[in-house]
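Bear in mind that the values in this text are calculations on the coordinates, not laboratory data. It should be emphasised that the depicted structure is a prediction, and the values quoted were computed from it without experimental measurement. So basically every Cβ, Gly included, is an ideal-geometry build from the backbone, and we count neighbours across all protein chains shown.
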Amino acid sequence: MTRALPPLPKGFTREAVQRATSNFWERRRAALTAFASAEQNRREARRIRLEALRHLDDYLRQAVANLRRRGVQVHFAADAAEAGRTIVEIARGHGAKRIVKSKSMVTEEVHLNRVLADAGLEVVETDLGEYIVQLAGELPSHIVGPAIHKSREEIQALFEAESGRRLTPETDVLAGHARQALREKFLQADIGVSGGNFVVAETGTLVLVTNEGNGRLCTSLPRVHIALVGMEKLVPRLADLGPLLAILARSATGQKLSVYTHLVSGPRRTDELDGPQEMHVVFLDNGRSALLGTEFEEVLACIRCGACLNACPVYRQTGGHAYGSVYSGPIGAVLSPLYWGLDEFGDLAHASSLCAACWEICPVGIHLHDHLLGLRRRLVERRQDPAPERALFGGWARAWSRGWTYRASLALARALQAPFRRPGGLRNLPGPLGAWTAGRTFPPVAERTFHERWDALSAELDRDDQGGGGQGDQAGE
């Protein structure tokens, strides 16, 4: 059974994103207001993350030794391709057919689902939001809430198309359907794949933070558990988890602590009733090591709470998919160009008002606005902008640096805009401007410039003064 997705009301996606991010924002504000040591905790969390980055080699060696001591098989992947090959080889070595995945941004980063599917494996996302966007064939639109842009009617249609049966759009009905469908997948799975919020170097402990029980099912029910973890996720000591977990939950969802904080300490032991028979941890580089020791090093301290997305006025107007990357919002506008190059993602450095709201809300104090400026500087130094664009802006700057050319250009623009003017602004502009007006409204040139309005107002005031002064003289007589 297939069913077309219902048409959305105009502006629904923007309203849905704004509603969700506002909700995250308010819950975070309330949680931190009630957290007496919030600022002290923020400083401590930043110190812990920066310490790990500045001594990453040492902590990585310590983590690997302790993971192996616990019976975990450790692998290293220099890039996305190697990460995919490693996980495919593990799956084939076990004759696996079905894989269930817990929510993980790093697996999205390397497009793991596509790699596994190309290898003939069935892959199912088990986080509710990720399950929805997987059925829709989309990337997550938010680090914490992957499907915040979806209406219940859209989700209903996706679930009906997948299951072949009729449903209603009530939340409990849709959640109940997902629970039933995913439970079967857990029972059939050969391998469970997860990410990792942190890896404790001191103990070799993988830490998973989630609000859904699917994370524990992925890591304990299948006979093999594979965790793909960014190499920057190391934490020096077990005691360091306290400040990080306290600020992560409050910043992400406004909770004192997430519903599930899962500390994984290796495969199942002989005296244990559940857990995987075999466990693998794959540490991913994929551009991370190149940032160590550079001006951008601190962006690796990010704990993926999504708070900067909720604070960003650009993200709240556009949503995550406009960024064209699995990482959206301010952190994505910095990470994407650094990981995958300025050629492809350099334009994201301009997707910011530089208001610094992202830095103010970041639980580890990453100066994202400064890093966006740093990327813009690199673009200028490399002359990355296309030659026609440079010529256009150069001509614009020269024209508007002289009074008469400034006024002439405005008069010309006012005349040329007439065929495209609609209520609320300009639409369907020709040429390069067409890409802009395809998704947004362009403001029209005003009927009168400020100078023209000022001259008219001055003339009007002069007339009033002359008339008022004559009447006063007559009254005095």
Nearest-0.05 FRET efficiency for GLU26 and GLU138 at R0 = 25 Å, using Cβ-Cβ distance, is 0.40
Inter-part gap, Cα centre of the stretch 191-238 to Cα centre of the stretch 141-164, in whole angstrom, is 26 Å
Placing +1 on each Lys and Arg Cβ and -1 on each Asp and Glu Cβ in the stretch 339-412, then taking the dipole about the Cα centre, the residue among PRO388, LEU410, HIS369 whose Cα reaches farthest towards the positive end is LEU410
Rounded to whole angstrom, the alpha-carbon centroid of the stretch 412-441 lies from that of the stretch 51-122 at a distance of 49 Å
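Taking 0.36 nm per residue of separation and subtracting the Cα-Cα distance, what length does fully extending GLN40 through PHE76 add?
Values: separation 36, 0.36 × 36 = 12.96 nm, distance 3.51 nm.
Once the chain is fully extended between GLN40 and PHE76, it gains 9.4 nm.
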per DSSP, antiparallel bridges as share of beta bridges in the chain, % nearest 5, sits at 30 percent
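As a footprinting exposure proxy, order HIS142, HIS350 by other Cβ within 10 Å, with the fewest listed first. Don't skip to the end; give the middle numbers.
Numbers: HIS142 22, HIS350 14.
Placing the least packed residue first, the sequence is HIS350, HIS142.
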Expected unfolding gain across TRP404-ARG448 under the 0.36 nm per residue rule, minus the alpha-carbon gap, is 14.3 nm
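Any idea what the alpha-carbon Rg over 2.2 N^0.38 Å comes to for the stretch 319-477?
On the way: Rg = 23.8 Å, N = 159, 2.2 N^0.38 = 15.1 Å.
Dividing the Cα Rg of the stretch 319-477 by 2.2 N^0.38 Å gives 1.58.
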Here the membrane-span-like helices of the chain, with no claim about any membrane, defined by DSSP H, Cα axial extent at least 15 Å and mean Kyte-Doolittle at least 1.0, are 241-253
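Expressed as a rounded percentage, what relative contact order does the chain have, with Cα pairs under 8 Å and six or more residues apart? Don't skip to the answer; put the middle values down first.
Numbers: 740 pairs, mean separation 84.9, N = 477.
So the answer I get is 18 percent.
Would you mind ranking SER141, SER22 by Cβ crowding within 10 Å, fewest neighbours first? Could you put the intermediate results ahead of the total?
Values: SER141 25, SER22 12.
Lowest count first: SER22, SER141.
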The whole-number value in µm²/s of the Stokes-Einstein translational diffusion coefficient for the stretch 387-437, with Rh from the Kirkwood sum over alpha carbon pairs at 20 °C and 1.002 mPa s, is 173 µm²/s
Sorted by number, the cysteines in the chain with no other cysteine beta-carbon under 4.7 Å are CYS218, CYS302, CYS305, CYS312, CYS355, CYS362
Once both label points are put 7 Å beyond Cα along the C-beta direction, the ARG19-GLN180 separation in nm becomes 2.6 nm
Looks like the stretch 12-291, by Cα gyration tensor root eigenvalues a ≥ b ≥ c and the a/c under 1.5 rounded cutoff (else prolate when a/b is bigger than b/c, oblate otherwise), is oblate
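For a footprinting-style exposure proxy, rank ARG152, ARG46, ARG398 by other Cβ within 10 Å, fewest first. Please report the intermediate quantities before stating the final value.
Numbers: ARG152 13, ARG46 19, ARG398 10.
Going from sparsest to densest Cβ surroundings: ARG398, ARG152, ARG46.
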Options (1) 27.6, 113; (2) 21.0, 67; (3) 24.5, 88 are given for Rg and Dmax of the Cα atoms in Å, and the computed one is (1)
